[in-house]
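To start, the structure itself, in structure tokens.
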Amino acid sequence: MITGKTVLQRKLLPALDFMLHDWLKVDELTSRPRFEEHGRETFDELLQAASEVAANRFEPAYRISDEQEPYMADGGVVTPKETHLAFEAYRDLGILAASHDVEFGGMQLPRTLDLASRVIFGASGHNLAPAMLTDANASLLLEHGTETQKRVFAVPELEFRWTGTMCLSESQAGSSLADITTSAVPDGTGHESDPLGPRYRITGNKMWISASEHDLTENIIHLVLAKIPREDGTVDPSTKGISLFIVPKVLVDEESRLLERNDVTLVSLNHKVGHRGTPNAALTFGDGTHVPRGSKGAIGYLVGRPGDGLRQMFYMMNAARIEIGLAASSLGMAGYATALEYAKDRRQGRPRAATGKDSSQPQVPIIEHADVKRMLLAQKAYAEGGTALALYAARLLDDQSTGSPAEAARASGLLEILTPIVKSWPSEWCLEANSLAIQVLGGAGYTRDWPVEMYWRDQRLNMIHEGTHGIQGLDLLGRKVRTDSGAHLDALGGEVRETIDAAEQVGLRAEAGALAGAWDALLDATEQAWATGDPSEALANATPYLQGFGHVVAAWIHLDLAVAATHSDHREAPGRIAAMKYFFAYELPRIGAWLDVVARREALCRDVNPDSL
């Protein structure tokens, strides 16, 4: 078994080992042509190498990157030297392109292994290297870009020579993307024949852009949503008018050689509660600060067809949503590892017997106290459950791209309905895990002498990143569970029932029955929410629906892990069963309160007078 040299790595690697091999059976993927060059040894070497870089560079730099927040200087952003060292170590490892095609510099490793490695880096210093968005940016271009765009822009990103962003939000248009005002006009005669794609001049402002300016690479590739005006100067007010453009910070030629600065300008940095090591900024495009090719306006290259930008961007957004869930789980794992180690070492209190406490006896480690065990079990259930859920989604991505037609169709349907849960459930409950980590440490927990307060601050952003809970709930109840007359919901139900049957066969009958009852309650709430056919009634309680749905899914994942544990002698197996037992005893009963308001279409939040708030 692979091992790590720090407390965090020693906790992460065995958990990942069990999930990958004993549960998800990733070794079976090597029978598929895309992965036939790999095996268990390759997979273990990847995670071991990731763990060593994370321990040597990311863990030491994590606190420094938080305390020495990036700052503006000379129109750019300066980051600490420790961030540079972590970034360079990650780049030298060559792991960003791990799951991509060999022709684009990749290793054609399963996506499941790729995301498992990101658990390690996410727990060790998520804010140190803008890898997630860069990979998602490059992946979008590989899916929707021209061959030239792939070679010129995506390949340097996958080599981590350049980084990438997604520029959607504007100050007046956060999640309401139909209201964006950034515009794109053809850049003179011959603009359609530019070898890098139809060339436009982009003008507008974008807000909340992670890693949009930094001193880590020589170029940053922005993917920008903008609207192309009609001949009369008007624009389509709906999302159908949105197009997608490649807007590099520095213009390049067909060989990816740097030419001149584009008209992209840093306006300000946003000072966030967490993720302080990752610069988050407001940008302006085309204000004339720079004059590329002698004219005002940022030069951008159209991706695909005009008006197809939002559909293309969802390719990047859905990938990012899975990785946000993974990042949330990673931070939950980091806090749990710290709290567990602290609870083993910290001595306080004595066992209480029928005759009271015996003060003559030595104090015991706090892990001996039932309430501390409760908090640790909760963290374990949230963090490891969230990690397993995200890795399950990654396994579906592998099936979607390399499985048989039936496997690919099954995976696509499950990803459709699970993506809102993968993003939201770990974001909410691993925040609670990080809060419990602070609680386990007591007074030490809210000091900066320990990292758990930093984990909590970093974690708080994930409930907002890539769509709030409200947006995910509307997507789930308003669209995903109703698609194709509920086909995706039925498919997920089939998976849940397979686990129920398997659990009964290994003696986990009580939990199998509880999950069956929870699934039936979820189906009933779904039906009752839409009983009147009125979206305003159904969707008024979309967020409680999301919470209830998420807990049912988490219970299913925990029970499936426990079934695998009953067939395994892995050292993690007893912990998998303990986490499952905790979740079914303390967590699954919560769903009644959430699903009840959904089923009765509670009108309070919809109808309350704003003057009463």
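Let's see how each residue does on (1) open to solvent by less than 40 Å² (accessible area, probe 1.4 Å); (2) at pLDDT below 95; (3) not charged (D, E, K, R):
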position	(1), (2), (3)
Glu147	no, no, no
Lys150	yes, no, no
Val155	yes, no, yes
Phe160	yes, yes, yes
Glu170	yes, yes, no
Ser176	no, yes, yes
Glu192	no, yes, no
Ile202	yes, no, yes
Could you tell me whether the range 385-401 includes any residue that is touching a His at 6+ places or on another chain (Cβ under 6 Å), part of a helix (DSSP H, G or I), at negative phi and open to solvent by less than 30 Å² (accessible area, probe 1.4 Å)? yes
With the condition being within 30 Å of Ser268 (Cα to Cα), I'd like the helices (runs of 4 or more DSSP H) fully within the range 29-117 carrying at least 1 qualifying residues. 59-67, 81-93
Some residue of the range 340-355 being surrounded by 22 or more Cβ atoms within 10 Å (Cβ to Cβ) and modelled with pLDDT of 95 or more: yes
Collect the residues in the range 561-577 that are open to solvent by less than 40 Å² (accessible area, probe 1.4 Å) and of a type outside the set (Ser, Thr, Tyr), keeping them in residue-number order. Leu561, Ala562, Val563, Ala564, Ala565, His570, Glu572, Ala573, Gly575, Arg576
Return a yes/no flag: does the range 402-413 have any residue that is part of a helix (DSSP H, G or I), among the β-branched types (Val, Ile, Thr) and at pLDDT 95 or above. yes
Going residue by residue through the range 237-257, is there one that turns out to be at positive phi and at pLDDT 95 or above? yes
Got a number for residues in the range 502-520 being in contact (Cβ under 8 Å) with a residue 40 or more places away in the chain and crowded, with 18+ Cβ neighbours inside 10 Å? 8
Counting only residues in the range 597-613 that are in a helix (DSSP H, G or I) and in contact with an Asp or Glu (Cβ under 8 Å, 6 or more places away or on another chain), the one least open to solvent (accessible area, probe 1.4 Å) is identified as Ala599
Which numbered condition trips up Arg32, out of (1) within 27 Å of Ala381 (Cα to Cα); (2) of a type in the set (Lys, Arg); (3) over 23 Å from the mean Cα position of the chain (by Cα)? (1)
Check whether at least one residue in the range 247-256 is without any contact (Cβ under 8 Å) to a residue 40 or more places away in the chain and crowded, with 20+ Cβ neighbours inside 10 Å, and report yes or no. yes
Are any of the residues in the range 51-59 open to solvent by less than 10 Å² (accessible area, probe 1.4 Å), closer than 17 Å to Asp135 by Cα and of a type outside the set (A, V, I, L, M)? no
From the list Thr543, Thr499, Thr532, which residue is outside any helix (DSSP H, G or I) and either in contact (Cβ under 8 Å) with a residue 60 or more places away in the chain or of a type in the set (Asp, Glu) (or both)? Thr532
Restricting attention to the range 230-286, and to residues there that are β-branched (Val, Ile, Thr), in a loop (DSSP other than H, G, I, E, B) and closer than 25 Å to Ile464 by Cα, which single residue is farthest from the chain's Cα centre (by Cα)? Val273
Restrict the check to the range 461-468 and report whether at least one residue is closer than 24 Å to Leu377 by Cβ and surrounded by fewer than 22 Cβ atoms within 10 Å (Cβ to Cβ). yes
State whether one or more residues within the range 229-244 are in contact with a Phe, Trp or Tyr (Cβ under 6 Å, 6 or more places away or on another chain) and open to solvent by less than 40 Å² (accessible area, probe 1.4 Å). no
Take Ile228 and decide whether it is touching a strand residue (DSSP E or B) at 6+ places or on another chain (Cβ under 6 Å) and over 29 Å from Thr83 (Cβ atoms). yes
Residue among Leu113, Leu141 that is buried (at least 22 other Cβ atoms within 10 Å of the Cβ), touching a helix residue (DSSP H, G or I) at 6+ places or on another chain (Cβ under 6 Å), under 29 Å from Asp66 (Cα atoms) and at pLDDT 95 or above: Leu113
Kindly list, by first and then second residue, each pair from a residue in the range 179-194 that is in contact (Cβ under 8 Å) with a residue 40 or more places away in the chain to a residue that is open to solvent by 50 Å² or more (accessible area, probe 1.4 Å), limited to pairs with Cβ atoms under 6 Å and residues at least 6 apart or on different chains. Ser183/Thr203
Assigned to a helix (DSSP H, G or I), farther than 25 Å from Met317 by Cα and open to solvent by 10 Å² or more (accessible area, probe 1.4 Å): does that describe Ser435? yes
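The values are calculated or read from the model by the stated rules, or taken from the named source; none is laboratory data. Since this is a predicted model, take the numbers as computed values, not measurements. We place every Cβ from the backbone using ideal geometry, glycine too, and count neighbours over all the protein chains shown. To get the accessible areas, we keep the full protein, side chains included, count just its heavy atoms, and leave off ligands, DNA and RNA. Shrake-Rupley method; radii C 1.70, N 1.55, O 1.52, S 1.80 Å.
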